[in-house]
Structure formats: C-alpha cells, structure tokens
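One structure is given below, encoded as structure tokens.
The values are calculated or read from the model by the stated rules, or taken from the named source; none is laboratory data. The model shown is predicted, which means the values in this text are computed figures rather than measured ones. Cβ sites come from the backbone with ideal geometry, for glycine too, and all protein chains shown count toward neighbours. Please note that ligands, DNA and RNA were not included when accessible areas were found on the heavy atoms of the full protein model with its side chains. Shrake-Rupley method; radii C 1.70, N 1.55, O 1.52, S 1.80 Å.
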Amino acid sequence: MSVNKSTILQHIYIQKGDITKMEVDAIVNAANPSLLGGGGVDGAIHRAAGPQLLEECRTLGGAQPGEAKITKGYRLKAKYVIHTPGPVYRGGKYNEASILQNSYYNSMRLAKENHCTSIAFPAISTGVYGYPKDEACRIALSTIIEFMEKENFIIDVYFVLFDDENYAVYKKHVQELS
Ligand code: APR
C-alpha cells in the first residue's frame, strides 16, 4: 500500500528554534564542501556535538554540493548528523535548484538507509549561501514529500527554523499543501 500525501503531511512539523536541541534520530547540517565546520548552523552543531564530531568529519574527505554524508551525533541528543553542502546561490542559473534538491534527497536517503524514524532539517542555503527563502522552502517540501511517496517511507520530518522569515515561509507553504 503506497503512502498517500495526507499521511505524509501528518508527519511534517514546522517549528522555530535551535536544531541542536532536537531529540530526533538525525539532524541535518548545512555544511560547506570541506565538512570541517563553519559559522551559522554548521558552527552551532559542531559546538554542541563537541570535538569528536570534527574528528570524524576529518575522515570523510569532504562532499560536493548536494551530496550528503553521515556521522555520529556525539554530545548532541540526535544519534546522527547528516552533513550536506547546499548550493551557493548565484542568481539561479547555475543549477542551484537541483543541487538544493539533491541535498534534501540525499539526506532523506541516508536517513532511510540508517533506519531513522525522525529527522530535523534547517533551511539549507538560506543563510550565508543566500538562497531565496521562498523557493528554497518549496524545494525542501516537494523533495521530502516526493521521497516519502516514491520510497513508500514514512519518517517524522521537522523543519527547524531559526529566523522569523523562514518560519513564516514554511508555515505558509505547509498550510497551502494541506
Ligand atoms: N538551528 C537551526 N537553524 C539555524 C541555526 C540553528 N542553531 N543557526 C542558523 N540557522 C539557520 C539560519 O538562520 C539559516 O536559515 O540555518 C539556515 C542556514 O544558514 P547557514 O547556517 O548560514 O547555512 P547556509 O546558508 O547553508 O551556508 C552554509 O555557512 O556556516 C557556514 O560552514 C557553513 O560555509 C557554510 C555556509
């Protein structure tokens, strides 16, 4: 029996806050291709997880934009961190949309492969990387919904927004889907 959209929507949660506090199986890190930490949510996750996270990240050999790699969560409540470099937004003509879609798709794929029952996403690429929030939100929602439909896989998905603008955008788009 394939998973239908209304069931999927019951498993999507929008909340404002700090992703490092989430008690979920996996939190997603909006990383950079080095996977060696940075500012924004990347910096917050590394600070909360402690130095062992960076130690494990050093063994990963980086990641291309849109790829995702998984590590343990260490001092985080989350069991795993899924690291994915999103695209740097350069106006929209450099494949940014498909790279962002890949970041969400590959994060969901790793969550499924690691038998996660819950995952938390930040608004990937909408900070330092400058992706327009409204389009990024549409890509995030459509990609994770499509993944669950196609893979017949239900997982609790939390979008954890740190800023008011992203929170309002996600609330609006999820209401439009219902
Ligand atoms: N919890 C949840 N979301 C957060 C947190 C947090 N603790 N801190 C920041 N954010 C939000 C930002 O408000 C933004 O909406 O994460 C979103 C992504 O912003 P960035 O962290 O700047 O990430 P991104 O735009 O993908 O740029 C990635 O920034 O930190 C560096 O190393 C990172 O080079 C990479 C680049």
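Table for the structure above
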{"read-out": "Residue satisfying condition, being under 18 Å from Met108 (Cβ atoms) and among the aromatic types (Phe, Trp, Tyr), within set Tyr80, Tyr74", "value": "Tyr80"}
{"read-out": "Verdict on Leu54 being of a type in the set (A, V, I, L, M, F, W, C), in contact with a strand residue (DSSP E or B) (Cβ under 8 Å, 6 or more places away or on another chain) and in contact (Cβ under 8 Å) with a residue 12 or more places away in the chain", "value": "no"}
{"read-out": "Residues of region 15-27 that turn out to be outside any strand (DSSP E or B) and either within 8 Å of the ligand (Cβ to nearest atom) or over 17 Å from Ile70 (Cβ atoms) (or both), as a count", "value": "6"}
{"read-out": "Members of region 140-178 found to be within 14 Å of the ligand (Cβ to nearest atom) and open to solvent by 30 Å² or more (accessible area, probe 1.4 Å), listed by number", "value": "Tyr158, Phe162, Asp163, Asp164, Glu165, Tyr167, Ala168"}
{"read-out": "Close pairs (7 angstrom Cβ cut-off, 6 or more residues apart or separate chains): among the β-branched types (Val, Ile, Thr) in region 153-178, open to solvent by less than 70 Å² (accessible area, probe 1.4 Å) and part of a loop (DSSP other than H, G, I, E, B) anywhere", "value": "Ile154/Val3; Ile154/His11; Ile155/His11; Ile155/Cys116; Val157/His11; Val160/Gly17; Val160/Met22; Val160/Pro122"}
